[in-house]
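This report concerns only the one structure given below.
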Amino acid sequence: MTIVDRGNGTSVGDRSYDAVMARNGAIMRAALGVDYAGYESGSIAFDYDRLMGDVGYTVDDVREAQRRVGVGNTPLLELRRLTALARQCAEDGLGARIFVKDEQTNPSGSYKDRRASMSIVQARELGFRGVAAATSGNYGAAVASQAAMAGLKCVIAQECYDSARIGQPEILEKMRKCEALGAEVMQLSVGPELFYSYLLMLEETGYFNASLYSAYGIAGVEPLGVEIVEQCHSLLGKAPEHVIATNAGGGNLTGTARGLRIAGAHHTLVHGASVDLHGLSMASDHDFNRKSFTTGHTGFGMPYATDPDHSDVPRSAARPLRYMDDYLLVKQGEVFAMTELLAHLEGMERGPAGNTSLAAAFALARTRPRDEVIVVQETEYTGAGKHPLAQLSFARDMGIEVRLGDPDDEIPGRSIVLPDHPSRISARYADLERMRTSYIRNAVDHVGGAQAVGGGTGIASAVDVDYLVAETRTDERFVRRTLTNLGVGFSGNGAVIRT
């Protein structure tokens, strides 16, 4: 990659919010060691493939680096009793086989060790003395674990509370784990101060930004997709027909899908899965504790899919719309029920993130032939704070109604409806065309496109159209139609201008 000097992180200027945010680009360049300007075209497109290629590690290199720290090579387990239950709730001939990749066996208890491991490799390569991450929890534990193995200091910035300093059990459990693994946790309340505080801390410490959205982190997940294909071929003689990844920031799905392609599984369908929290704002102090899932929900999954570059790096390597065939939405009550079913039927107590995908897999299995295979590509560790009873008790304390019934009646922030029968567990399909349209709108605006267009300057070319086709997994006709509907026209030489 194009490397820049990282600085010593000791000289901090104006500490006001506006001044620190204005230095965002310079702080991030120093903290990651990458000059993102080298990948820009000056318009909508940027060279994503070169960004990923410049990581400098093959998938075999990544696997070897991870093997040395106990990451990866996790078991693929068939959930026979859950499959049998899905078949009982399906029409004759339907009920695909459900498998799960048990990522709980990684050192910190989730697939996030894969992302953290390569960030730590890069931090050591560049000579940083410490690492930092902004995270809702599991990734913080992974960074803390990998930093401890490497002898590096670690700071985690985490949204822990609302303004009344009330924290969810799941978030507090994740904070506890980060601290147990040796990290210093910046306990912050919901709001814009998280990013401001994180930037200031990076500038003051000179630590490496172990971003969830760096190319190193995504490369670290690619072996997960490769392992799924290898293990399915070994057990079943074929690649799986479906892989489901819980979607929040998009790196989980992106890295896994890239790994599937590396392993030759070009016909495997990749599904994102998120908890449906429509109507709740993730930046709202009021809404913060009226959701019962801290990650893997639409409050992250939708905005990060349609505007991936609003993350903590100038260009995110997590780009789920490039790789997503479908986007399945499940309800909070369904995930809590699936957590119980997994424990009671399969003897596996696991945390909520992977069980979001499992709920979607159970619903999808009921609609697919019995000879098809669905792989849930992650589990995560659980703990007292992550357990459904703790989360449901907290929800009641916050005034949320908890009851049995039809999960379709659930209203995020007001009710959690546990399914009164497994046949009630359903997957709802998100409107991908609408998301793709939103992505194109954001892509035009991301690099100041609106201002450039307003001045009558061509801001895109045929290269940009090709880029948007790849980003949205559509075709030139869709991209051109969408740009036209957004008020963007095409000049004779293929450049795009606002009409």
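Simple spin-label estimate for Ala37 and Ser393 gives 5.5 nm between the two label positions (7 Å along the Cα-to-Cβ direction from each Cα). Applying a DSSP loop filter and a limit of 15 other Cβ atoms within 10 Å to the trypsin sites (Lys or Arg not before Pro) in the range 96-155 leaves Arg129. What residues from the range 201-244 fall in the zone where the backbone N is under 18 Å from a label point 7 Å along the Cα-to-C-beta line of Met21? Zone members listed by number: 201-203. The length gained on full extension between Leu126 and Asn73, counted as 0.36 nm times the residue separation minus their Cα-Cα distance, comes to 16.4 nm. An ellipsoid equivalent to the range 120-220, defined through the eigenvalues of its Cα gyration tensor, has semi-axes of 22, 15, 12 Å when rounded to whole angstrom and sorted largest first. For Val488, the residues 5 or more places off, or on other chains, whose built amide H falls under 5 Å of its own are Thr499. Can you list the residues of the range 206-223 with backbone N under 13 Å from a point 7 Å past the Cα of Asp54, pointing along Cα to Cβ? The answer is 215-216.
For an R0 of 35 angstrom, estimate the FRET efficiency from the Cβ-Cβ distance between Glu64 and Leu345 and round to the nearest 0.05.
Computed FRET efficiency for Glu64 and Leu345 comes out at 0.45.
Across the range 154-312, the convex hull enclosing all Cα atoms gives 138 Å³ per residue. Between Ala84 and Ser234, full extension at 0.36 nm per residue minus the direct alpha carbon distance yields a gain of 51.7 nm. Tell me which label goes with the value of volume of the Cα convex hull per residue in Å³ computed from the coordinates here: [x] 152; [y] 142; [z] 200. So the calculated entry is the one marked [y]. For the peptides 210-216, 35-41, 288-294, residues were scored by their other Cβ atoms within 10 Å and the scores averaged per peptide; the highest-first order is 210-216, 288-294, 35-41. Rolling a 1.4 Å probe over the protein heavy atoms of the chain, with every protein chain left in place, gives an accessible area that is 48 percent carbon and sulfur.
In order along the range 326-343, the Karplus-derived 3J(HN,Hα) couplings, from 6.51 cos²θ - 1.76 cosθ + 1.60 at θ = phi - 60°, round to 8, 10, 9, 10, 10, 9, 4, x, 5, 5, 4, 5, 5, 4, 5, 4, 4, 5 Hz, and Gly and Pro are given as x. Of the GluC sites (Glu not before Pro) in the range 371-404, not one is in a loop by DSSP (not H, G, I, E or B) with at most 11 other beta carbons within 10 Å. Backbone geometry of the range 404-416 corresponds, through the Karplus equation with coefficients 6.51, -1.76 and 1.60 at θ = phi - 60°, to 3J(HN,Hα) couplings of 8, x, 8, x, 5, 7, 5, 10, x, x, 10, 8, 10 Hz, x marking Gly and Pro.
For the peptides 86-96, 352-362, 385-395, the ranking by packing is 352-362, 385-395, 86-96, with the highest mean count of neighbouring Cβ atoms within 10 Å listed first. Here the Karplus curve 6.51 cos²θ - 1.76 cosθ + 1.60, taken at θ = phi - 60°, turns the phi angles of the range 385-393 into couplings of x, 8, 5, x, 5, 5, 5, 5, 5 Hz, with x standing for Gly and Pro.
Near Ala142, once Lys and Arg are set to +1 and Asp and Glu to -1 for all other residues with Cβ below 12 Å from its Cβ, the sum equals +2.
Approximating the spin labels as points 7 Å out from Cα along Cα→Cβ, the His421-to-Asp466 distance works out to 5.4 nm.
Residues in the chain average 37 Å² of solvent-accessible surface per residue, probe 1.4 Å, ligands and nucleic acids excluded.
Which pairs break 21 Å Cα to Cα here: Lys112/Lys331; Lys177/Lys331; Lys112/Lys238; Lys174/Lys291; Lys153/Lys291; Lys238/Lys331? Over 21 Å Cα-Cα: Lys112/Lys331; Lys177/Lys331; Lys112/Lys238; Lys153/Lys291; Lys238/Lys331. Taking amide H as placed 1.01 Å from N in the peptide plane, Met186 has its amide H under 5 Å from the amide H of Ile156, Ala157, Gln158, each at least 5 places away in sequence or on another chain.
The values are calculated or read from the model by the stated rules, or taken from the named source; none is laboratory data. Please read all numbers here as calculations on a predicted model, not as lab measurements. Cβ: placed from backbone, ideal geometry, glycine included. Neighbour counts: every protein chain shown. Ligands, DNA and RNA are excluded from the accessible area calculation, which covers all protein heavy atoms including side chains. Shrake-Rupley method; radii C 1.70, N 1.55, O 1.52, S 1.80 Å.
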